[in-house]
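Scroll down for the structure; my scribbles are underneath it.
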Amino acid sequence: MTLLPVLLPEGFTSKVSVNDKLTAGQIIAEKKEKGIEEVIHVFQILHVAPKKIAKTLRKNLGDSVSKGDVLAVKKGRLRLGTKKIISEFSGTIVKIDEEKGDVLIHTGSGDRNLITVISPVDGIVDFCNNDKIVIKTEKQTVVAKRAGGEEVRGELFLIADEDIDFSKITAEVSKKIVLGKNFAKGSIFKVFALGALGIVSAQIGESDFEDLEEKGIKSPVVQIEKGDFDKLVKHNKKQVYLDPKNKSLVVL
C-alpha cells in the first residue's frame, strides 16, 4: 500500500472521512462557485476623473443591471459627442470604486455551479481535512522531483532511446503520455506540437521548465528519479494519472 496525497485548492470542502473506502472517480471534495465580478473601467471609457464617475452613473450601488442597460453617460458640450456605456452583463452593482474609477457588477445570484475533486484511484482515506486528503491505495505511485502543468490521464508511451532528440519523436506520441529518459533541448516542444498529453522523464533541463512556463503550456511535464523511471518502463502502454500539483504519478 502507498499513500497518495491530494491537495485541495482554497475554498474546497472535504466530502469524505478517515477510513472511508473510495472508488476511482468518486467525489472527495467540492466547492460551490459563485457568480463572478465583472469590472467596468468607467473612467477609461468615458475619459473622466475616477472620483467623478459617480456623476456619470445611471445605476446606484445595489441596483440590478440587465444586459443592454445604460450604465453611465457623459454628455458632451451642447449635447454633442455624448458617450454611453451599455452593460454587457446582467447582475448587481456591488462596488463603485472612486479610487480606480471602476464599477463592479456581480453576475448571477447565489450558487452557479459545483466544482468537484475526484479520487484518481481506489483506496481508503488515511487522512483528511479541508486542505489535504491522503488516500491509501494499492496502485503504484511515484513522487516527482519536479512537475509543472495540469493533471491528465492517458496511456504511457515509451521512447526507449537513452537520449531523445527531434528525429526520434514521431506522430505516435499523439494522445499519449510520453516516457523518455533524457529529452534534448527543445525536443519537449516537438512532443507537444505532435499532440502528446504529457511528458515523464528522468532528466529535464531547468531551462525547459522555464520555457514551458513562459510560453504558458499547460500540458504536464514530470521529472522523476532514475530508479523510479526504470520501474515505470515496465508499465509501458498502461494508463497513468499525472498530478503535477501534488507531484505524483499513479499507475492505474
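Between 70, 6, 42, the distinction of being closer than 30 Å to residue 240 by Cβ, modelled with pLDDT of 90 or more and open to solvent by less than 60 Å² (accessible area, probe 1.4 Å) belongs to 6 only.
Pairing each residue of the stretch 6-26 that is touching a residue at least 40 places away in the same chain (Cβ under 8 Å) with any residue that is of a type in the set (Asp, Glu), provided the two are 6+ apart or on different chains, yields C-beta distances under 6 Å for 8/131; 23/122; 24/122.
Considering the stretch 199-216, the residues that are surrounded by fewer than 16 Cβ atoms within 10 Å (Cβ to Cβ) and charged (D, E, K, R) include one that is farthest from residue 157 (Cα to Cα), namely 214.
Here residue 239 fulfils each of the conditions (1) under 29 Å from residue 3 (Cα atoms); (2) within 19 Å of the chain's Cα centre (by Cα) apart from (2).
Annotation: residue 31 fulfils all but one of (1) within 32 Å of the chain's Cα centre (by Cα); (2) part of a loop (DSSP other than H, G, I, E, B); (3) crowded, with 16+ Cβ neighbours inside 10 Å; (4) not aliphatic (A, V, I, L, M); the unmet one is (2). Every condition in (1) in a strand (DSSP E or B); (2) in contact (Cβ under 8 Å) with a residue 40 or more places away in the chain; (3) not hydroxyl-bearing (Ser, Thr, Tyr) holds for residue 43 except the one numbered (1).
Answer yes if at least one residue in the stretch 112-119 is at pLDDT 90 or above and not polar (S, T, N, Q), and no otherwise. Yes, there is a match, as at least one residue in the stretch 112-119 is at pLDDT 90 or above and not polar (S, T, N, Q).
The values are calculated or read from the model by the stated rules, or taken from the named source; none is laboratory data. Worth saying up front: this structure is predicted, and the values here are computed from it rather than measured. Heads up, the Cβs are rebuilt from the backbone with ideal geometry, glycines too, and the neighbour counts pull from every protein chain shown. Just the protein is used for accessible areas: all its heavy atoms, side chains included, with ligands, DNA and RNA removed. Shrake-Rupley method; radii C 1.70, N 1.55, O 1.52, S 1.80 Å.
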